[in-house]
Every structure is written in structure tokens, then in C-alpha cells.
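**Q** Please read through the structure below; I'll follow up with questions.
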Amino acid sequence: MGKRRITRSAGNNGDRDATQARPREDSDVLNEDLTHELETVPDFDRFAGVDEVVGELARLAERHPSVAVLRRIGTSRLGEPLLCLTVGDGPAQGVVVGMPHPNEPIGGLTAMHLARRMCEDAALRRSVGYTWHIVGCIDPDGTRLNEAWFTGEFTPCRYGRNFYRPAGDEQVEWTFPLAYKDAYFDRVLPETLAWMRLIDDVRPTFMTSLHNSERGGVFYYVSRPEPALHPALKALPLRYGLPLHLGEPEHPSVRRLDDAIYLMLNARALYDYLESIGQKFDGQIAGASSTEYAERHGTFVTIVELPYWRDDAAGDHSPAGVPYARVVRDTAADLAELAAVLRCTLDAVLGEVVSNSPFLRASRFFVPLVADVAESERIRAREPGNDREATVAEVRSSRDLVHTYRLRYTGMLLRALEAEIGIGNGTPTIRARHRVLEEIYTAWAAAATADTTPEPIPLRDLVAIQYGTILAGARHAKT
């Protein structure tokens, strides 16, 4: 999901939605109850860490014992309890899971707000008609490795320098069981198993995992086409002056349903696409997603992908004056260069590292993945129809992909080298490679800053959009 950025497909966007030009005129599609609930979201000055999110859910259970109960649903790989707050007694069942990827903390704030509102407002509980099962953080071990950027100055460069995202077979969202063609995965993580048991226990009518992207506009995934829901989803970001994402989808296998609304990314479609271009599935993700697992219960899933930084170009569907194929080729070349830099560094130090830190395991996964993405882009540049003119949104999303990959994966490999140095394994080779890679990171960070001037989006706006998506999606799932 928007966080993954495996690769992207040729632009297949329709005409720009007319509502894009009038962000505040949303009263015709957002009902009065929903707009009232959006106003309950408070201001936030930072992201919430694991202890704060879990602590707030525990306090709510203590304060509202007649409507809420906190229960343990599993244990993380490092031994941390995985807790779920169940609120209400409505006939429909809703599952909300925060921080499915540990670099996506907007959902922690949203989970706390949803839990507070459902505990404190009996009329709201009755009107929504759900029993809510809220997991504030499903990957506490990984999330703690990102908490250094949750407070203080929030820039892409600082984010990348303190970034952590697990290797594919350590991602909770993408380690559900899978058996499709030659792909077979059953090395389910303890956190994933807890999520699976929760799904099977409550058989949810509605479910969402609280993801977010980094740059660009807002977009959505849905588990099945529901055109009646689209107007409300598209109106939510426009209410806060944020553009819809009209650039590249995350992967060529993703089916576009509407502007900024896509059918859920899934392992089987990904497998089929990679097979069609001669690439292997096991280099991309490990297993299936939570959405695919919940299909057995007929669960409707809605996920909103929210950027951290504002970029109005993400919603600009006007011509950019450059051939689309050239944009794709340039992206392929930049990603190939990145992969070569990271591979050279890894190859130089792998014989001397001793820690097998999560940063090193993740780097071993993502370095070949970046190379695979570069090759996919190179192949895609030659596809029929890509000699057309690119849009501004497509150019921007392509450049953002390059900047994001550079900062993410260079920053994480630097953390892997620093982990070795920190435990006293600072060999001459490790220290030399660290110095060189730090210089490269600084140059790429400067290039990213020069290309765009990122403006952090108020956290209140992001939480409100995510909260509104939950309420709109849940109500629609009951109809």
C-alpha cells in the first residue's frame, strides 16, 4: 500500500475531477453528522509513540468499563503484549488496526480519537451501530525504531535519516498466508497471527488498517467497487485543501476505479503482473494482505493513503511538456543508480557485520527490490502508448518516488552501519563506507529539498480525513 511504492503503472487517469478546484464545497456529499464528527478532531503537535497509544486505550477502558474492555490478542516478536480495545455493542463488527507498517504513525492518533469518541458519545455509538475492535499499534517492535522522528522538526531528510521499514517477511500487513500458483507463504508472524485470530473471531463487516504514504496527494483503496461511496471519499481531502492523487498508481496490477480510488492491491494480481514481465514474485512481498485474508468473511475494507507533506502538483492533471516514456526512463535510471550505490556498500561490509540488526535485514531485502523496480520501469518505458505527453502529477509522483527511495533506503542502510559501530564493530571498512554513504545521503537530501519545498500537513487534518474515512466506510458497509 501507499507506503510500499513497489513500482507504478502507465497513467490511466480520467479527466480531472471538477471538485478539485473547489476544496471547501463538500456539503453536498458529506452529511451533517459526518461533518460534525470531523470537527471533534483536536490539534496535535507530534505523533504518538507506542506507549502513548497503548496507554490511552488502557485509560479509556478504565474510565468507561460499561462500554469498553481492553484485551490481549497476542504477543510481538520481542515479547510485547498486543492489545485490542473493544467498544460498544452494535450489531455490526468493525476492526481498526493502527501502525500496520511502523513508519506510518498517523493511524496511532486516529485510533486514539476513534476510541475516545466511541467511549464518550453514546449517541454516536448508536447512530454508527458497530462494535469496534481497535488495535492501536500492531507492530510495536518496529514502530519504536521510528520514534526518533515522531517529535521535533519534521522534514523528509530527518524522516529518512531515522527511517525503518521491515523486510518483506517481517511486515505484519504482508505476511498473511498465501497459496497461489508457485507462491506459497505460511511463515506467519506472531503479530499477523493475532490479527488473523481477531478477524476470524469477530468476522468484521468493515475493516481498515491505518496506512499512510509520504508525499503527493490523497488516495484510497477499497476491497470491492462501491461507486456510491466515492463522492464522500473524494470530498474528505478536498475539505482540508489537500489534492487527490492523480499521478501514478502504486503498481501496474492495481485497477483504477475513479480519480484517486483503486481496487485493493493484492498478492495474486501482483504475482500475475510480475509473471507477465518475467520477474519473480518472491522478490517483492512475502505473503498476502489483511484484506485478502478477510475476504472469507465478506468484509468490506477501505484504506486511505495520506501524505505527510503537502504537494499541490500531485493533483495537477495538466500537460507537463515532456514525453511520458522519458519520465519513466529517467526514473528507471535514477533508481538503478540508487540500487548500485546501496549494493556496493552492502557487498563491501557483509563479510564484516556481526549484528544482523533489523536495519541490516531490511536493507538486504530492499536493495534488490529497488533494482527490480528500476528494471520494471525500464521495461515499462517501452510499452505501447507511453510516447504520449506526461501530466504534471505524473512527473511529480515519479520524482517523489526517486527522492523517497533515496532517503528511505540510504538512511536505513546508514542506520545498519551505525548499529555495527555502536556495538564496537566499527571496522575500517564499515567506518569508511559509512562516511561515503553519509556524503551521498547529504547530496541526495539537498536534491530532494531543491526539487520541492515540503510543507508538513497539519496532523489534525490528516487524522480528520482518516477518521472520516472510517465512519464513511463503516456506514456504507452496512447498507
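**Q** For Ile261, all conditions in the list (1) under 16 Å from the mean Cα position of the chain (by Cα); (2) open to solvent by 10 Å² or more (accessible area, probe 1.4 Å); (3) modelled with pLDDT of 95 or more hold save one; what is the number of the exception?
**A** For Ile261, the failing item is (2).
**Q** Same structure, new question: Looking at segment 288-298, is at least one residue open to solvent by 40 Å² or more (accessible area, probe 1.4 Å) and closer than 27 Å to Arg378 by Cβ?
**A** Looking for residues that are open to solvent by 40 Å² or more (accessible area, probe 1.4 Å) and closer than 27 Å to Arg378 by Cβ, one finds none in segment 288-298, hence no.
**Q** On to the next question. Anything in segment 44-78 that is assigned to a strand (DSSP E or B), surrounded by fewer than 15 Cβ atoms within 10 Å (Cβ to Cβ) and over 27 Å from the mean Cα position of the chain (by Cα)? List them, or say none.
**A** Scanning segment 44-78 gives a single hit, Val69.
**Q** Additional query: Tell me which residues, restricted to segment 319-349, are part of a helix (DSSP H, G or I) and among the small types (Gly, Ala, Ser).
**A** Scanning segment 319-349 gives Ala325, Ala332, Ala333, Ala336, Ala339, Ala340, Ala348.
**Q** Would you be able to tell me the number of residues in segment 171-192 that are in contact with a Ser or Thr (Cβ under 7 Å, 6 or more places away or on another chain) and crowded, with 22+ Cβ neighbours inside 10 Å?
**A** Result for segment 171-192: 8.
**Q** Inspect all residues belonging to segment 148-170 and state whether any of them is buried (at least 24 other Cβ atoms within 10 Å of the Cβ), under 25 Å from Ile465 (Cα atoms) and in contact with a strand residue (DSSP E or B) (Cβ under 6 Å, 6 or more places away or on another chain).
**A** Scanning segment 148-170 turns up no residue that is buried (at least 24 other Cβ atoms within 10 Å of the Cβ), under 25 Å from Ile465 (Cα atoms) and in contact with a strand residue (DSSP E or B) (Cβ under 6 Å, 6 or more places away or on another chain).
**Q** Can I ask one more? For segment 87-135, what are the residues that are among the hydroxyl-bearing types (Ser, Thr, Tyr) and surrounded by fewer than 22 Cβ atoms within 10 Å (Cβ to Cβ)?
**A** Ser127, Thr131 - these are the residues of segment 87-135 that are among the hydroxyl-bearing types (Ser, Thr, Tyr) and surrounded by fewer than 22 Cβ atoms within 10 Å (Cβ to Cβ).
**Q** Only one residue in Glu337, Glu295 is of a type in the set (Asp, Glu), out of contact with any Pro (no Cβ under 8 Å at 6 or more places or on another chain) and closer than 30 Å to Ala111 by Cβ, so which one is that?
**A** The unique qualifying residue is Glu295.
**Q** So Thr442 clears everything in (1) open to solvent by 20 Å² or more (accessible area, probe 1.4 Å); (2) in contact (Cβ under 8 Å) with a residue 24 or more places away in the chain; (3) not aromatic (Phe, Trp, Tyr) except one condition, right? Which one?
**A** (2)
The values are calculated or read from the model by the stated rules, or taken from the named source; none is laboratory data. All values reported here derive from a predicted model rather than from experimental measurement. Cβ coordinates were reconstructed from backbone atoms using ideal geometry, including for glycine residues, and neighbour counts include every protein chain displayed. Heads up: the accessible areas ignore ligands, DNA and RNA and are worked out on the full protein's heavy atoms, side chains in. Shrake-Rupley method; radii C 1.70, N 1.55, O 1.52, S 1.80 Å.
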